[in-house]
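Structure, as structure tokens:
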Amino acid sequence: MVARRSRRVLVELWNAALAAVEPKAAVERALKDRAVASALARARRVGVFAVGKAAAAMASAVNGPGPRLTVVPRGYASRTRTRGRVLRASHPEPDHSSVRAARAALAFFRGFDRGDVILCLISGGASSLLCLPRPGVSLAEKSRRVRRLMDDGASIVEINALRTRLSAVKGGRLGRATKARLVTLVLSDVPGDRPALVGSGPTIRRRKGDIVRVVARNRDGLEAAARRAREMGLSARIRPRRLRGSALVKGAEFGLEVRSLSPGQALLAGGETSVSFDEGFERGAGGRCLVFGAGAAFLLDSDAGLRLL
């Protein structure tokens with residue numbers, strides 16, 4: 001009975017967190033922003049460009065005519081019907097499909113001029129989906145240097161900084177291919193929620209008149225889960241430091257913190273961990289969250305649940 005109730009609580013908190021960062025709803029809220037709505041209403045022509053793992057869902061929030069280009073990960077199934085041109089590119093590592101997508105994005109942006117607005121919807125994964133190495137750098141060399149940094153355990157901020165230095169479209173370079181005004185809505189998956197770091201900031205060119213909004217972030221999900229926990233009669237606390245580093249190690253640390261909770265308390269945490277091959281995870285099903293959970297389980301005795309009750 002205790003285990004069943006614990007599971008129900010966890011599912012409720014998980015659902016609350018996801019609802020708070022749901023891509024379509026986040027974009028719909030942002031489109032009601034006075035500055036955003038005014039820019040779109042006054043434009044001679046509006047184009048919609050979406051790229052990232054949440055691109056299809058974000059684009060589904062936008063109605064109206066106009067050219068569209070959406071770039072999504074190859075192999076990702078989406079329940080959302082996507083209008084306009086859709087390209088599928090490689091993720092999490094780029095290949096020639098990512099180069100084709102980047103060239104198509106440049107052509108799309110060059111098709112707009114002064115008086116036009118491009119609504120740019122950016123989410124995590126865009127760095128791999130749009131990959132056009134700068135002159136003098138090959139795709140193989142760029143991929144090799146990024147992979148080496150990843151294997152060294154670098155953060156997503158450090159990795160995206162390298163990607164930007166080696167790219168012809170990242171760091172605002174895609175945005176600089178057009179004279180149109182840009183309205184960029186960002187679904188953040190990086191520490192600090194800096195728009196220029198999400199997807200390596202292809203449209204963050206810092207030009208007067210452009211509008212940039214972060215429409216959802218990790219913290220929004222945590223705060224929504226905390227509110228739901230309190231509605232269920234729990235005392236909720238959000239871990240002040242973001243999760244970063246080895247999923248196994250951070251899971252064990254989280255499990256140790258959970259063991260100190262009193263009945264009726266909930267501990268919430270978010271961030272981005274990593275899994276290293278030298279930890280023995282070359283094969284198998286699952287990913288970072290599963291490894292994190294396994295690490296936490298090592299520190300929790302079998303009948304403790306999550307000590308929420």
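Summary of values
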{"read-out": "Any pair with Cβ under 7 angstrom, 6 or more apart, that starts in the range 130-142 at a residue that is open to solvent by 20 Å² or more (accessible area, probe 1.4 Å) and ends at one that is part of a helix (DSSP H, G or I) and β-branched (Val, Ile, Thr)", "value": "Leu139/Val99"}
{"read-out": "Selected residue (criterion: farthest from Gly75 (Cα to Cα)) from residues of the range 91-146 that are among the small types (Gly, Ala, Ser) and over 24 Å from the mean Cα position of the chain (by Cα)", "value": "Gly115"}
{"read-out": "Residue within the range 33-56 that is within 24 Å of Pro195 (Cα to Cα), free of Cβ contacts under 8 Å to residues at least 60 places away in the same chain and assigned to a loop (DSSP other than H, G, I, E, B) present", "value": "no"}
{"read-out": "Qualifying strands (runs of 3 or more DSSP E) (wholly inside the range 234-309; at least 1 residues being modelled with pLDDT under 90)", "value": "243-246, 271-274"}
{"read-out": "The range 167-203: number of residues that are aliphatic (A, V, I, L, M), touching a strand residue (DSSP E or B) at 6+ places or on another chain (Cβ under 6 Å) and over 20 Å from Arg110 (Cβ atoms)", "value": "4"}
{"read-out": "When residues of the range 201-217 are limited to those that are outside any loop (DSSP other than H, G, I, E, B) and free of Cβ contacts under 8 Å to residues at least 60 places away in the same chain, the one nearest to the chain's Cα centre (by Cα)", "value": "Val214"}
{"read-out": "Flag for Arg228 being modelled with pLDDT of 95 or more, outside any helix (DSSP H, G or I) and of a type in the set (Lys, Arg)", "value": "no"}
{"read-out": "Number of positions in the range 251-273 that are touching a residue at least 40 places away in the same chain (Cβ under 8 Å) and open to solvent by less than 50 Å² (accessible area, probe 1.4 Å)", "value": "12"}
{"read-out": "Qualifying residue in the range 41-51 (condition: aromatic (Phe, Trp, Tyr) and over 17 Å from Gly175 (Cα atoms))", "value": "no"}
{"read-out": "Qualifying positions in the range 84-121 - surrounded by 15 or more Cβ atoms within 10 Å (Cβ to Cβ), more than 11 Å from Cys131 (Cβ to Cβ) and of a type in the set (Lys, Arg)", "value": "Arg88"}
{"read-out": "Ala43 vs. criteria over 25 Å from the mean Cα position of the chain (by Cα) and of a type outside the set (Lys, Arg)", "value": "yes"}
{"read-out": "Unique match (being under 17 Å from Arg217 (Cα atoms) and open to solvent by less than 40 Å² (accessible area, probe 1.4 Å)) among Ala57, Ala43", "value": "Ala57"}
{"read-out": "Per-region count, the range 226-255, residues aliphatic (A, V, I, L, M) and under 20 Å from Ala19 (Cβ atoms)", "value": "6"}
{"read-out": "Pair list, Cβ < 8 Å and 6+ apart or interchain, from the range 173-194 residues that are in contact (Cβ under 8 Å) with a residue 40 or more places away in the chain and more than 24 Å from Val21 (Cβ to Cβ) to residues that are assigned to a helix (DSSP H, G or I) and open to solvent by 10 Å² or more (accessible area, probe 1.4 Å)", "value": "Leu174/Leu106; Ala177/Leu106; Ala177/Arg110; Thr178/Arg110"}
{"read-out": "First in the range 6-19 and touching a residue at least 40 places away in the same chain (Cβ under 8 Å) and within 14 Å of Gly221 (Cα to Cα), second anywhere and part of a helix (DSSP H, G or I) and charged (D, E, K, R), Cβ under 6 Å, 6 or more apart", "value": "Glu12/Arg228; Leu13/Arg228; Ala16/Arg228"}
{"read-out": "Single residue of Arg88, Arg110 found to be touching a residue at least 60 places away in the same chain (Cβ under 8 Å) and either charged (D, E, K, R) or on the phi > 0 side of the Ramachandran plot (or both)", "value": "Arg110"}
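A quick yes/no check of all residues on (1) at pLDDT below 95; (2) under 13 Å from the mean Cα position of the chain (by Cα); (3) surrounded by fewer than 20 Cβ atoms within 10 Å (Cβ to Cβ):
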position	(1), (2), (3)
Glu158	yes, no, yes
Gly175	no, no, no
Ala180	no, no, no
Gly199	yes, yes, no
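The values are calculated or read from the model by the stated rules, or taken from the named source; none is laboratory data. All figures in this text were calculated on a predicted structure; none of them were measured in a lab. Cβ: placed from backbone, ideal geometry, glycine included. Neighbour counts: every protein chain shown. For the accessible areas, the whole protein counts, side chains as well, though only heavy atoms, and no ligand, DNA or RNA atoms are used. Shrake-Rupley method; radii C 1.70, N 1.55, O 1.52, S 1.80 Å.
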